[in-house]
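The values are calculated or read from the model by the stated rules, or taken from the named source; none is laboratory data. Being a predicted model, the structure only gives us computed values, none of them experimental. Cβ placement follows ideal geometry from the backbone for every residue including glycine, while neighbour counts extend to all protein chains displayed. Note: accessible area is taken over every heavy atom of the protein model, side chains too, but ligands, DNA and RNA are not part of it. Shrake-Rupley method; radii C 1.70, N 1.55, O 1.52, S 1.80 Å.
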Amino acid sequence: MKIMVTVKRVLDYNVKVRVKADRSDVDLANVKMALNPFCEIAVEEAVRLREAGVATEVIVVSIGPKAVQEQIRTALALGADRGIHIETQSSPESLSVAKLLAKVVADEQPGLVILGKQAIDSDNNQTGQMLAALTGLSQGTFASEVKIEGDEALVTREVDGGLQTLGLKLPAIVTTDLRLNEPRYASLPNIMKAKKKPLEVKTPADLGVELRAHTELLSVEPPAERKGGIKVGSVAELVEKLKNEAKVI
Amino acid sequence: MATLIIAEHDNSILKPATLNTVAAAVAIGGDVALLVAGEGCQAVADQAAQVAGVSKVLLADNAAYGHQLAENVAPLVAELAKTAGFDYVLAPATTTGKNLLPRVAALLDVGQLSDIVAVESADTFKRPIYAGNAIATVKSLDAIKVITVRGTAFDPVAAEGGSASVEAVTAVHDAALSRFIGEEVAKSDRPELTSARVIISGGRGMGNGENFALLEKVADKLGAAVGASRAAVDAGFVPNDMQVGQTGKIVAPELYIAVGISGAIQHLAGMKDSKVIVAINKDEEAPIFQVADYGLVADLFEAVPELDSSL
Ligand SMILES: Cc1cc2nc3c(=O)[nH]c(=O)nc-3n(C[C@H](O)[C@H](O)[C@H](O)COP(=O)(O)OP(=O)(O)OC[C@H]3O[C@@H](n4cnc5c(N)ncnc54)[C@H](O)[C@@H]3O)c2cc1C
Ligand SMILES: Cc1cc2nc3c(=O)[nH]c(=O)nc-3n(C[C@H](O)[C@H](O)[C@H](O)COP(=O)(O)OP(=O)(O)OC[C@H]3O[C@@H](n4cnc5c(N)ncnc54)[C@H](O)[C@@H]3O)c2cc1C
């Protein structure tokens, strides 16, 4: 079976973003961009399934401006076989992304689609579930373990109360949580090899999808700053402050 | 205007996160209905009918909804939203709500606003982005607005005092796409993280899982919940449901005590709205001290037992 994975280009998780002075958006000029950590885990899981002989091919898809090809190449260096870039001017909203991905699913007929559970920029946590709705497929979100058994994917999910295991009829949509695996580093030879792997570019029009805005961003502001507090010298002083000053114990 | 809220429950108890979501719906205005979808969940519907501000409870009690599989519940919610004329569909931003609601939104061909923290007007909301390092004001352009609500941002409505009618919903959607196999639910007598008044959390500095007993002793004296950083979860010290942060639980207790936690932005994203923050860390340069109201530079293996004995 084929596995399709999606990768999103986001700012590096170590970078602390700043809001633009005019508050129209966050300032992403000159900040370091990277593969969304959850997508990296998705790529790793797909590559492991191919290495284990469960999958035959790993296709990586990204949507956005030309720059996202950098992240597709990273995924190819991590072991994916070929890339599809759907070129749009900006990064579209989740539902639009899901509509574009649904077309690729219809064309490629993967047995499994693995996405990140959330993109660390918008923190939306939506795209996989939306894709599952549009394709009419089963969904296993926040996965910390994925096993393929017969015509089912057994997915262990990280939920608020603990862990839940579901059996999903294949083809299935899975979104990754952090503990699913620890992604490998791309070796230099693999980075070189990735440059020669096939990368196809398509447009939303090629896929017959018309993008529509569902939300309008009015403004962005920095969060309320916490005032720095004080250092206490001892446990006794801490307890005294919590009792008499903060009055929380 | 009318809002449909997906009740959070386990077939016997209505979870408190529902009450915060009702508060967001009250801030939007109009009629508020609660959907209780599950199996053998009449008791939840009875509790839901008591919630202040709720005018109607829809009870969908069927084996197909027993484990609230998104494949089965999403078409039910989408159908109710369309046929019963709801303008808003809300759910708490818990793992249940996050799993279900985007599937509903896509079936309705609308976008979703995730994790709102404020209602500005009938169509405009605030939501944190970039691990809470920016707050976006976003306007929804869709006819039906599908929204998940961050519980800590809305004070819960009263669990009692209401007298809503309970109506049975007979529609059954069984997609037969997925099946429930099992679950490992952490059992604890301590309060739930997302509704606890006091939380004491441990990080990688705890060294191992056994040492969390030090925190549990303090927690029991303070009536607190015990949380953890992702590093502590990844190292296998404690289970994932204890994780606080951008990709774990978002908490805002009266008192948050961070022990052996450095204060990475992903952790701060989950707790920096706490009223009072205490940090105990042996590294005086640790970033956690920048958000702490009271910082104690000390070895936790001395400070925590001392804290325990002085309470
Ligand atoms: C300030 C601000 C506020 C915004 N508010 C909203 C909002 O309220 N609602 C909204 O819908 N959008 C919003 N957007 C748009 C948003 O940034 C995203 O571009 C969009 O929602 C795409 O999905 P996501 O990143 O949210 O996906 P998520 O659902 O968080 O991502 C899950 C996974 O989907 C896959 N994926 C997502 N996007 C791509 C892609 N382009 N290519 C390949 N794979 C992808 C990845 O595997 C990712 O890990 C906002 C943008 C900004 C800058
Ligand atoms: C995409 C993504 C999402 C993430 N989401 C989350 C999330 O939701 N929540 C989260 O917490 N993290 C998250 N992380 C991980 C985060 O980046 C940090 O790695 C993590 O929070 C660090 O945990 P820590 O503070 O326990 O460990 P460390 O950073 O290793 O800090 C340990 C601290 O303990 C102190 N210490 C050690 N020994 C002692 C002692 N004896 N006495 C006193 N102090 C001591 C040290 O001085 C140090 O400051 C995420 C990361 C990524 C990439």
Here the whole-number average of other chain Cβ atoms within 10 Å per Cβ of B:103-116 is 6
Dividing the helical contributions, -39500 (n - 2.57) per DSSP H run of n ≥ 4, by the residues of chain A yields a 222 nm value, nearest 500 deg cm²/dmol, of -8000 deg cm²/dmol
Comparing each residue of the stretch B:207-241 in the complete protein assembly with the chain by itself (heavy atoms, probe 1.4 Å, ligands and nucleic acids ignored), those losing at least 10 Å² of accessible area are B:Leu222, B:Arg230, B:Val233, B:Asp234, B:Asn240, B:Asp241
Listed by chain and number, the residues whose amide H is under 5 Å from that of A:Leu218, excluding neighbours fewer than 5 places away on the same chain and using placed H, are B:Thr137, B:Val138, B:Lys139
Relative contact order of the stretch A:1-85 (C-alpha contacts under 8 Å, at least 6 apart) in percent is 36
The convex hull of the Cα atoms of the stretch B:142-181, divided by residue count, gives a volume in Å³ per residue of 250
Per the Cα gyration tensor, the protein assembly as shown corresponds to an equivalent ellipsoid with semi-axes, largest first in Å, of 36, 30, 23
Of A:193-206, B:37-50, B:260-273, ordering from highest average Cβ density within 10 Å down gives B:260-273, B:37-50, A:193-206
For A:Lys117, other-chain or 5+-apart residues with amide H closer than 5 Å (H placed, Pro excluded) are A:Thr176
Share of Cα-Cα pairs in the stretch A:133-181 beyond 13 Å, whole percent, is 51
Rounded to whole angstrom, the alpha-carbon centroid of the stretch A:135-163 lies from that of the stretch A:188-249 at a distance of 25
Within the protein assembly as shown, the percent of DSSP beta bridges that are antiparallel, given to the nearest 5, stands at 35
Listed by chain and number, the aspartates and glutamates with an alpha carbon less than 16 angstrom from that of B:Lys145, same-chain partners under 8 positions apart left out, are A:Glu93, A:Glu216, B:Asp31, B:Glu79, B:Asp87, B:Asp109, B:Asp115, B:Glu120, B:Asp123
At 4 °C and 1.567 mPa s, the Stokes-Einstein diffusion coefficient in µm²/s for chain A, with hydrodynamic radius from the Kirkwood sum on alpha carbon pairs, is 65
Once normalised by the length of the stretch B:3-97, the mean sequence separation of its alpha carbon contacts under 8 Å that are 6 or more apart gives a contact order in percent of 35
In the stretch B:174-203, the residues losing 50 Å² or more of accessible area (1.4 Å probe, heavy atoms of protein chains only) relative to their chain alone are B:Leu177, B:Arg179, B:Ile181, B:Glu184
Probe 1.4 Å, heavy atoms of protein chains only: per residue, the accessible area of the protein assembly as shown in Å² is 40
Expressed to one decimal in nm², the mean projection of the alpha carbon convex hull of chain B is 16.1
Interface A-B: total buried accessible area (1.4 Å probe, Å², nearest 100) of 6700
Dividing the helical contributions, -39500 (n - 2.57) per DSSP H run of n ≥ 4, by the residues of chain B yields a 222 nm value, nearest 500 deg cm²/dmol, of -7500 deg cm²/dmol
Quick P(r) readout (the stretch B:123-272; Cα-Cα; 5 Å bins; whole %) gives 2, 8, 14, 16, 15, 12, 13, 11, 6, 3, 0
For A:Ala246, placing the label point 7 angstrom along Cα-to-beta-carbon and taking the stretch A:199-225, residues whose amide nitrogen sits under 16 Å are none
Any lysines whose Cα falls less than 24 Å from that of A:Lys20, other than same-chain ones fewer than 8 residues away, would be A:Lys8, A:Lys32, A:Lys66, A:Lys227, B:Lys126, B:Lys139, B:Lys272
Rounded to the nearest 10, the angle in degrees between the Cα long axis of helix B:212-222 and the longest principal axis of the Cα atoms of chain B comes to 70
Rounded to the nearest whole number, the Stokes-Einstein translational diffusion coefficient of the stretch B:2-168 at 10 °C and 1.306 mPa s (Kirkwood radius, C-alpha pairs) in µm²/s is 102
Between B:Val146 and residues 5 or more places away or on another chain, the pairs with built amide H atoms under 5 Å apart involve B:Val89, B:Leu113
1/(1 + (r/R0)^6) with r = Cβ-Cβ of A:Arg82 and A:Val31, R0 = 30 Å, i.e. FRET efficiency to nearest 0.05, evaluates to 0.55
Relative to chain A, whose Cα atoms define the longest principal axis, helix A:94-108 and its Cα axis are tilted in degrees, nearest 10, by 30
For B:Gln290 and B:Asp174, extending 7 Å from Cα along the Cα-Cβ vector and measuring point to point gives, in nm, a value of 5.5
Measuring from the longest principal axis of the C-alpha atoms of chain A, the long axis of helix A:235-244 (C-alpha) lies at a number of degrees, nearest 10, equal to 80
Here the relative contact order (percent) of chain B, from C-alpha pairs under 8 Å and at least 6 apart, is 15
The ³J(HN,Hα) series, computed from each phi in the stretch A:12-18 with the Karplus coefficients 6.51, -1.76 and 1.60 at θ = phi - 60°, rounded to the nearest Hz and given as x for glycine or proline, is 4, 5, 7, 8, 9, 6, 10
In the neighbourhood of A:Pro204 defined by beta carbon distances under 13 Å, the net charge of the other residues (Lys, Arg +1; Asp, Glu -1) is 0
Out of B:Lys82, B:Lys145, B:Lys56, a Gaussian network model of chain B with alpha-carbon springs under 10 Å gives the largest mean-square fluctuation to B:Lys82
So the carbon and sulfur contribution to the accessible area of the protein assembly as shown, 1.4 Å probe, in percent, is 49
Looking only at lysines whose Cα falls under 18 Å of A:Lys2's and that sit 8 or more positions away or on another chain, we get A:Lys103, A:Lys147, A:Lys169, A:Lys197
Of the convex hull enclosing the alpha-carbon atoms of the stretch B:193-309, the direction-averaged projected area in nm² is 5.9
